[in-house]
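Encoded as structure tokens, the structure appears first; notes follow it.
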Amino acid sequence: MLPATYAHWDTLDSGKFADETLAVQTNLAREPLTRLERTGILTDAIDLVERARRSTERQGVVESFLQEFSLGTREGLALMCLAEALLRTPDEDTRDKLIAEKISSADWAAHLGHSDSLFVNASTWGLMLTGKLVEADDQAQSDLPGFLRRIAGRVGEPVIRQAVATAVKIMGEQFVLGRTIQSAMKRADREDWLCSFDMLGEGARTAEDATRYERIYAEAIEAVGKTTKGHGPETGHGVSVKLSALSPRYEATQEDRVWEELYPRIKRLALIAARYDINFTIDAEEADRLALSLKLLDRLAHEPELGDWKGLGLAVQAYQKRCIEVIERLTDLSQRSGRRLMVRLVKGAYWDTEIKRAQIMGRTDYPVFTTKPATDLNYLVCARMMIEAAPLMYSQFATHNAHSLAAIHRMAKDRGVKIEFQRLHGMGEPLYEAAIEKFNTKSSHLTVRAYAPVGGHEELLPYLVRRLLENGANSSFVHALMDERVPADLVATDPITAVEAHPDRHARIPVPKDIYMDRQNSLGRDYSQLSERERHAQALEKVDAERFISGPIIGEYQSAGTNHADVTNPYDRSQILGHVSEATEADVDMAVTKAAAAQIKWDRLGGAGRAPILRAMADALEDDMDRLVALLSREAGKTLNDGVAEVREAADFCRYYAMLAERDFGGRQDLKGPVGEINQLVLHGRGVFACISPWNFPLAIFTGQIAAALAAGNGVVAKPAEQTPLIAAEAVRLFQKAGLNPDLLGLVPGRGETVGVQLCNHPGIDGVAFTGGTDTAASINRSLAARPGPIIPFIAETGGLNGMFVDTTALREQVIDDVILSAFGSAGQRCSALRVLYVPKDLADQLIEGLKGALAAQVVGDPTDPGTDIGPVIDGESRANLEAHVERLKNEAKIIARAELPEGADKGDLFAPTIAEIPTPDFLEREVFGPILHIYRYEPSKLKEVAGKLAARGFGLTLGVHSRIEAFADEVIQLVPAGNVYINRSITGAVVGVQPFGGEGLSGTGPKAGGPNSLIRFASEKAISNNIAAQGGDPALLNL
């Protein structure tokens, strides 16, 4: 359990999403530099840039590389993709395809000889594959790009493959100090570099990964320690550690587990570092992990076993809005613990990830500043605080920015405080050579430490790409430093001046709720924050105190209904949540009659009149989010994040369809035609729609169907799934609260074979929207076809037999993350969920082991617990069907892994998530709806045959591809029909208006939900043609 002593760090989160404008104004008011200081520092910074440029022979190879191959060019992007994927790709055929695609897409000749760097030109020659490697011809002289494209098709020649691989390895070696810690230390000593060694690698995905990374770190610390010769942490080499490498579940919602598993690992490593008295730095990672990392640091700082060691440190990110408070609290921690801390101030390396995540998750703002000058200003404010905190803090400043360097040097010098600077290995040499030349005196020397990556090429690739992205962007200082076209005074710009001129957030990065421009993004929840988890606990307590009632809701009244039944919790069937009654035939009649009467006036309002009600419903959903999430957890077994996503999707449907209603139902639209007549098209509602929704999205799909029908001008009679009537009743009440005429929306709970049949056969129904099983959809379709009277629309979204195809260029960790989420998220109870993973034989063993370990790290249990990953399946029938399928797998396939169930699992419908290897690519005849992942090993040469067998099953909902080769993705997309294709990401979680959702074949009729064409089948079209020439001519023509 968490020692209560460290709980105060959670209050840091109150400033996590602080208003950026206010934060910037506060920093300006702090005035980190006086006017006089700023003038002198700007002069020094310009001088540093000019000195660095004069020393072109000292330009770092990475700066040379970025200078020539900007990521704004095709060549830069091709190189990034090659470097990221080539060296981990084991099979020659796939490597050849990757090389051919990336090399032939770029113009390498345009870069040859442009750089003074031998490394850059050598890499360019290698990538050009010139006549020195293959037999050249006249075309190479007259049309080099065409020659390159032609010979790229011959990359199977071993000499070409080796040339490209060698060029990429050369590039990689410039970023990495050594493949092993021993080789890295030898090189550092030879070059007389002071280093903090970073043992490269992705975060752990399994317990085995964490054990392996701890061993690598321990060996590195031992190796560094044995060569320190008593230098101490300030003047000797150190080691940097990523906490995410030491646990597959380094997350705030898994805090007990972090204390139990991760903390002992980091303590063991710290004890080794303390024994040798070296610098041991905990690296900064994502913003969601900040408070947790500081709790771990706090406990370490108070460990008596570490004695009076002064080498314990951490990295702090200046792009985070909480950085100032972190520095204040670290100063306090040093005082409380009596331990001097080494603090590395960095700008931050996950900026794009933080921006994207905040937008996807619906945060109120960003945890980071959106402009570089605001980050640089924050860096200066924090730097001054750190320097003034001496001797409680030993400050380490990681920067490649001339102004930051000059400013910090001035701050430290004026205060007589010893500090050190840090740069990334392979970068910053010219700048720091210039700084040493300018600032060093007989009595004062700049201390510069290189942050030095160590590891094999396979481990360095993600790091390499992140650094290229971070520093290769045209706005980056590193890119501009050596570019003579950029004036030195512009490169050395004072960030305070820049912020004073533009103190607002970035003009093209609005707050997350405004990213869509034409509608509001829905608000989410951040359960990495204790305050959000506590808010959920309070909402859950209130929900548990309620007794929910669902039954026929017709107009303003709830009918008594029939067949009264209890509604129970699928995690614990002994908990009765409320009661439901089934609609009678008379209830169905009354609901249809009332909706039909109210629909006429509603339709005449037009889209502009209907949209405010739908937006008000979206607001009502968000206002009631915590209560709805708690109810979804209890009634539908939704984990908290799944519940939040469902409420958000429901709100998104309402806002998106409101926008479509205004756009498409705004009155008559003029059509082009001959002069002398007016031709127009107008859309209007059809009448009354029956909306039949499933239990797996009992709020989002239920609300989405209703919102679409209402937006198009229809009345609605809605039948929710039998398993989830309570949340449906709450949604109907929210629609009424939002201002909807109660007569327009009737709720008729009940069984499909009774209420569902009555509804579909009712003569007053003018269309049916259905989401559910393929067999049920076929039955409804037959029923509608047999109805007398008009042919009415049937909009169906049904199941899928969804596959994901992986090739050997895919990144292991990324595949594991996306497969686990796609197959086991929502307990596998999504129609979009991954059912079959197709893995190339060369990659299969490694990937399967990773998936087994990652599944073992998942938590199966109570969905109301923030730490639960996988909750129950919906009911006993579903669980029995899944267990029967597992028996089939035992007999006809091979069970690879099953997750552990918690104690007391038999009180509800928990099912052990399962991974199985199947013998044929078409082993599944139909969808198996639950957390079972099937894996098939395929020969890449037989991709067409394997994909064809999946396609032959006739489904077409979702499809996933993991590859760095675009041609591979294109081929899979051509071979396997699917309404939604996802490349290098999970295949679930379609966002309204961003990834319109719906399938083809056995998976649905269309149009897609949440797309620009969603409302068309809910509407009738009327064309009106008026011959105005009959009145005496066309005024527009006469006035020409």
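Among the candidates F697, F735, the residue that is of a type in the set (F, W, Y), part of a helix (DSSP H, G or I) and under 34 Å from the mean Cα position of the chain (by Cα) is uniquely F735. L246: over 27 Å from the mean Cα position of the chain (by Cα), more than 20 Å from L530 (Cβ to Cβ) and in contact (Cβ under 8 Å) with a residue 12 or more places away in the chain, yes or no? In short, no. Taking the listed residues V981, V972, the one that is under 27 Å from G1011 (Cβ atoms) and in contact with a Phe, Trp or Tyr (Cβ under 8 Å, 6 or more places away or on another chain) is V972, with no other qualifying. For first residues located in the stretch 907-931 and touching a residue at least 24 places away in the same chain (Cβ under 8 Å), partners that are of a type in the set (D, E) and in a helix (DSSP H, G or I) and lie 6+ apart or on another chain with Cβ distances below 7 Å do not occur. Scanning the stretch 384-402 for residues that are surrounded by 24 or more Cβ atoms within 10 Å (Cβ to Cβ) and part of a helix (DSSP H, G or I) yields M386, A402.
Would you mind stating whether A630 is of a type in the set (A, V, I, L, M, F, W, C), touching a Lys or Arg at 6+ places or on another chain (Cβ under 8 Å), in a helix (DSSP H, G or I) and within 24 Å of K1022 (Cβ to Cβ)? No: the conditions fail for A630. Of all residues in the stretch 832-853, those that are touching a residue at least 24 places away in the same chain (Cβ under 8 Å) have Cβ atoms under 6 Å from Cβ atoms of residues that are assigned to a loop (DSSP other than H, G, I, E, B) and of a type in the set (D, E), 6 or more apart or on another chain, in P840/D807; D842/D91. Reported count of residues in the stretch 198-253, each being assigned to a helix (DSSP H, G or I), more than 30 Å from L855 (Cβ to Cβ), touching a strand residue (DSSP E or B) at 6+ places or on another chain (Cβ under 6 Å) and not aliphatic (A, V, I, L, M), is 0. Highlighted here would be strands (runs of 3 or more DSSP E) found entirely within the stretch 259-347 that include at least 2 residues which are in contact with an Asp or Glu (Cβ under 6 Å, 6 or more places away or on another chain) and among the aliphatic types (A, V, I, L, M), but there are none. Only residues that are among the β-branched types (V, I, T) and under 30 Å from R573 (Cα atoms) were counted in the stretch 623-678, giving 4. Against the definition (over 37 Å from the mean Cα position of the chain (by Cα), over 21 Å from T771 (Cα atoms) and surrounded by fewer than 23 Cβ atoms within 10 Å (Cβ to Cβ)), how does D664 come out, yes or no? Spelling it out, it is not the case that D664 is over 37 Å from the mean Cα position of the chain (by Cα), over 21 Å from T771 (Cα atoms) and surrounded by fewer than 23 Cβ atoms within 10 Å (Cβ to Cβ).
Kindly indicate whether any position in the stretch 499-514 is on the phi < 0 side of the Ramachandran plot, in a helix (DSSP H, G or I) and among the basic types (K, R).
Yes, the stretch 499-514 has at least one match.
Could you tell me whether the stretch 644-658 includes any residue that is part of a loop (DSSP other than H, G, I, E, B) and either closer than 20 Å to F702 by Cβ or at pLDDT 95 or above (or both)?
No.
The conditions of being at pLDDT 95 or above and either surrounded by fewer than 24 Cβ atoms within 10 Å (Cβ to Cβ) or under 29 Å from E261 (Cα atoms) (or both) are not met by F805. Candidates in the stretch 662-685 are the residues that are in contact with a helix residue (DSSP H, G or I) (Cβ under 7 Å, 6 or more places away or on another chain) and assigned to a loop (DSSP other than H, G, I, E, B); of these, the one that is farthest from G993 (Cα to Cα) is G676.
Before we move on, is E1021 touching a residue at least 12 places away in the same chain (Cβ under 8 Å), surrounded by fewer than 15 Cβ atoms within 10 Å (Cβ to Cβ) and either in a helix (DSSP H, G or I) or not hydrophobic (A, V, I, L, M, F, W, C) (or both)? I'd like the intermediate steps shown before the answer.
On the way: touching a residue at least 12 places away in the same chain (Cβ under 8 Å): yes; surrounded by fewer than 15 Cβ atoms within 10 Å (Cβ to Cβ): yes; either in a helix (DSSP H, G or I) or not hydrophobic (A, V, I, L, M, F, W, C) (or both): yes.
Yes.
The rows are residues; the columns are (1) under 30 Å from D865 (Cα atoms); (2) of a type outside the set (D, E, K, R); (3) assigned to a loop (DSSP other than H, G, I, E, B).
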position	(1), (2), (3)
P570	yes, yes, yes
D587	no, no, no
A591	no, yes, no
K594	no, no, no
I600	no, yes, no
D603	no, no, no
A608	no, yes, no
P612	no, yes, no
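One residue alone among I780, I795, I820, I816 is buried (at least 18 other Cβ atoms within 10 Å of the Cβ) and over 29 Å from V644 (Cα atoms), and that residue is I780.
The set of residues in the stretch 513-534 being in contact (Cβ under 8 Å) with a residue 24 or more places away in the chain and over 30 Å from A658 (Cα atoms) consists of S528, Q529, L530, S531, R533. Taken over the stretch 569-586, the criterion of being in contact with an Asp or Glu (Cβ under 9 Å, 6 or more places away or on another chain) and either surrounded by fewer than 15 Cβ atoms within 10 Å (Cβ to Cβ) or farther than 20 Å from A731 by Cβ (or both) is satisfied by Y571, D572, R573, Q575, I576. Of the residues making up the stretch 807-826, those that are under 27 Å from D875 (Cα atoms) and in contact with a Lys or Arg (Cβ under 9 Å, 6 or more places away or on another chain) are D818, I820, S822, A823, S826. Exactly one residue out of Y366, Y394 is within 28 Å of I509 (Cα to Cα), at pLDDT 95 or above and either assigned by TED's automatic domain parsing to the domain that holds E286 or of a type in the set (D, E, K, R) (or both): that is Y366.
Put simply, of L950, L1002, L959 the only residue that is in a helix (DSSP H, G or I), touching a strand residue (DSSP E or B) at 6+ places or on another chain (Cβ under 8 Å) and in contact (Cβ under 8 Å) with a residue 12 or more places away in the chain is L950. Of all residues being crowded, with 24+ Cβ neighbours inside 10 Å and among the polar types (S, T, N, Q) in the stretch 689-747, which is farthest from G993 (Cα to Cα)? Just the residue, please. Only one residue tops the list, namely T724.
The values are calculated or read from the model by the stated rules, or taken from the named source; none is laboratory data. Since the structure is predicted, the reported quantities are computational estimates derived from the model, not experimental observations. Methodologically, a virtual Cβ is constructed for each residue, glycine included, from the backbone with ideal geometry; neighbour enumeration extends over all protein chains shown.
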